[in-house]
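The values are calculated or read from the model by the stated rules, or taken from the named source; none is laboratory data. Here the structure is a predicted model, which means the values were calculated and not measured. Backbone-built Cβ (ideal geometry, glycine too); neighbour counts: all protein chains shown.
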Amino acid sequence: MDMNEIKEIFFQECEEQLAELETGLLKLNDGDRDPETVNAVFRAVHSIKGGAGAFGLDDLVSFAHVFETTLDCVRSNKLEPNQDVLKVMLRSADVLADLTNAARDGGTVDEARSRQLIKELEALANGESPQAAAAEPAPKAAPVVATMPAPAANDEGFQPVAFSFDDFETEEPAACDLPAYDIVFKPKSDLYSKGNDATLLLRDLSRLGQMSIHCDMDGLPTLDRMNPEAAYFTWKVSLKTDKGEEAIRSVFEFAEWDCDLDVTLAGDTPVATDELPMQPVPFDLSMLDEGAQAPTSAAQDQIAAQERDARDAAVSAAETASNVLQMAQTAARPPAEAGRNATTASSAAQTAAAQQAASAATPTIRVDLDRVDRLINLVGELVINQAMLSQSVIENDTNGTSSINMGLEELQQLTREIQDSVMAIRAQPVKPVFQRMSRIVREIADMTGKSVRLVTEGENTEVDKTVIDKLAEPLTHMIRNAVDHGLETPEKRLAAGKSAEGTVRLTAKHRSGRIVIELADDGAGINREKVRQKAIDNDLIAADANLSDEEIDNLIFHAGFSTADKISDISGRGVGMDVVKRSIQALGGRINISSKPGHGSIFTMSLPLTLAVLDGMVVTVANQTLVVPLTAIVETLQPEASAIHSFGASQRLISIRNSFCPLVDVGRILNFRGIQANPVDGVALLVESEGGGQRALMVDAIQGQRQVVIKSLEANYTHVPGIAAATILGDGRVALILDVDAIVSASRGQSLKPEISLAAAG
């Protein structure tokens, strides 16, 4: 595997980490204060930073480091994650995503926005309000440590950096019989230059169990030979934990190439904590930051004395730094917490173990999408060949009980199971698309000055990846439309007796073999008078046109239609909802609107679960073979002469259980025949479409129910009105898959485009 492949895997993992980051921040924004949620957010940023450092992505590392520092303040309870803090962090998550995308695709980001957010994050980490970042930040207090100036021959040294062992938060010691591990960790200079930090790694290691540390400074040279960008310390750690060696090594996952690491299981007599010296001696911990720059050195005649003092301090520090864990416990724990008994510690450990087991991820592997697509195509061909083989055996075997027939039934069942399993591989939850919408809501809300809350439901609803990839664009336009046009300003909402904060609800669910996505808002609803007047002004309808509420609502799907009074960065150009309708129809879906003035609107999209296969009813119409999607069929019936009623010059109705339903001659609509057929001689399929109600489609005969493989007609031929796609039947013939919505619309007076001859296509 070359470096480009490794880098691609890193960016794929970044997408997962960014999704986890945004999910965690939204949970915190909703009031979740679970420490595991905070830790998950911190780990996501830390993982991105570590991987970016390995590939030299300096801009990403720098921003992630500041972001990580602020999150660490939240994790250590030094910063309360209130609404103002989370608003900054959500915007920081957006910038982190932009930086990741720029690193992957070679694009650019708004540097001014990035710098501003860095200032705000630093202000939060320093205990200031985010607004303090607008002004020049106050200078930070210098740490109280002994500095070691470099020789005069070298103007560069190192800048002392404040460091506290309080961050080493550990639980109460576990049982004394836990396995003990000896860990030798020696950082290389590359570890610091790539944004990693040895102290953070040691702190994460301390969370695995009872730990003691010894800092070996034997490699520390004299000042005149010291390289401020080099690493000289070796950390020797004794760790008692039941997590195992794999958990220990996972702490150093992003630093394994930039350090020397040795993990061994200790013998019967591991180093005891109380055997290590504990005399507190002043120690310049700023030496841990090898990547920092130094101030100018003092006079040459003071160097020798300073070197002696530094060496003496280093020798003393080597004796005391070995037990930083107990120093951390003494400094970090309140007195009451230090007195907890072993029972409480054991209970906490059991609870943590249970939470870890519950949140354990299912093992997964990464597979290139092209391979999955090829597998799906091959399975489709397998289905077609299985159907052909079954058809051939049926035509040549009359008894129907031979062993060949029994074997074919088993083959059909296995083929169906294989196909379902392969389709499940490509099925993915809609969660990534829904998470992307939260960012759009925040951006549009900030631009319009509105207070908006996005609520998502059914995020784990699964659908084929090809559908998910094409959902982002229509959902983006609909979200922008809902926030900009649907929701009122806070002042108008309060005047109407509503809360100042508007709500946009995005829901996904399965229904009748399809996925239904609803976008609802609690805004003012569609102003039908304004929509009607705009349509008249744009010559879309006549001034005296008599339209129903549904027809007026659907006017917003016309290209170039907009009710905005002026053009802005958000709307006004008439581009949006027409794109939504075309995108949904291209996916074989449909969309309708339900709006109540003063209470809001609901946009409902109904899409197929997959674009690869469908269950259909094979029918005959005017000697042509068609497939009607089974999900659209409510029931089938044989019409009787007494149930048929004429309506107008050419319309007919069929009576079904004391109700009347329009009867649609499919052969006449598709121009397969010039005159209407006799309904009594055929079969009626009662179908239901979004927004079109029920219709009875009249066909000549039903051949049977089959699962068919969808073949794109547009990709292989051209678009045919009234036809959604094509398939290959068991006898090798090509059959057209009916577009039920288009047929229903044509029956309501919207004629199909006549430029294609279906007789030639069929």
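For the list (1) aliphatic (A, V, I, L, M); (2) under 20 Å from residue 472 (Cβ atoms); (3) at pLDDT below 85, I need the number of the one condition that residue 605 fails.
(3)
Which count do you get for residues in the stretch 590-636 that are of a type in the set (Val, Ile, Thr), over 27 Å from the mean Cα position of the chain (by Cα) and outside any strand (DSSP E or B)?
Looking only at that region, the number is 1.
Every residue in the stretch 720-738 that is out of contact with any Leu (no Cβ under 7 Å at 6 or more places or on another chain) and assigned to a loop (DSSP other than H, G, I, E, B), please.
729, 730, 731, 732, 733
Quick check: is even one residue across the stretch 91-98 surrounded by fewer than 20 Cβ atoms within 10 Å (Cβ to Cβ), free of Cβ contacts under 8 Å to residues at least 12 places away in the same chain and in a helix (DSSP H, G or I)?
no
Is at least one residue of the stretch 43-63 modelled with pLDDT under 90, of a type in the set (S, T, N, Q) and either over 18 Å from residue 18 (Cβ atoms) or out of contact with any helix residue (DSSP H, G or I) (no Cβ under 9 Å at 6 or more places or on another chain) (or both)?
no
Check whether at least one residue in the stretch 655-670 is among the β-branched types (Val, Ile, Thr), more than 14 Å from residue 743 (Cβ to Cβ), part of a strand (DSSP E or B) and at pLDDT 90 or above, and report yes or no.
Scanning the stretch 655-670, I find no residue that is among the β-branched types (Val, Ile, Thr), more than 14 Å from residue 743 (Cβ to Cβ), part of a strand (DSSP E or B) and at pLDDT 90 or above, so the answer is no.
For every residue, the table says whether it meets (1) out of contact with any strand residue (DSSP E or B) (no Cβ under 8 Å at 6 or more places or on another chain); (2) over 21 Å from residue 629 (Cβ atoms).
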residue	(1), (2)
651	no, yes
658	yes, yes
664	no, no
698	no, no
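Can you tell me which residue within the stretch 99-133, out of those that are more than 23 Å from the chain's Cα centre (by Cα) and not in a helix (DSSP H, G or I), is surrounded by the fewest Cβ atoms within 10 Å (Cβ to Cβ)?
Ranking the candidates gives 127 first.
How many residues are surrounded by fewer than 17 Cβ atoms within 10 Å (Cβ to Cβ) and at positive phi when one looks only at the stretch 592-637?
Total satisfying the criteria: 2.
Any chance the stretch 702-716 includes a residue that's closer than 20 Å to residue 639 by Cβ, out of contact with any Ser or Thr (no Cβ under 7 Å at 6 or more places or on another chain) and modelled with pLDDT under 75?
No, the stretch 702-716 has no match at all.
Whether any residue in the stretch 354-365 is within 18 Å of residue 427 (Cβ to Cβ), assigned to a helix (DSSP H, G or I) and either at pLDDT below 80 or touching a strand residue (DSSP E or B) at 6+ places or on another chain (Cβ under 6 Å) (or both) is what I want to check.
no
Of the numbered conditions (1) at pLDDT 80 or above; (2) out of contact with any Ser or Thr (no Cβ under 8 Å at 6 or more places or on another chain); (3) buried (at least 17 other Cβ atoms within 10 Å of the Cβ); (4) over 21 Å from residue 617 (Cβ atoms), residue 651 fails exactly one; give the number of that condition.
Failed condition: (3).
I need the full set of residues from the stretch 491-548 which are farther than 18 Å from residue 604 by Cβ and part of a strand (DSSP E or B), in order please.
Result: 501, 502.
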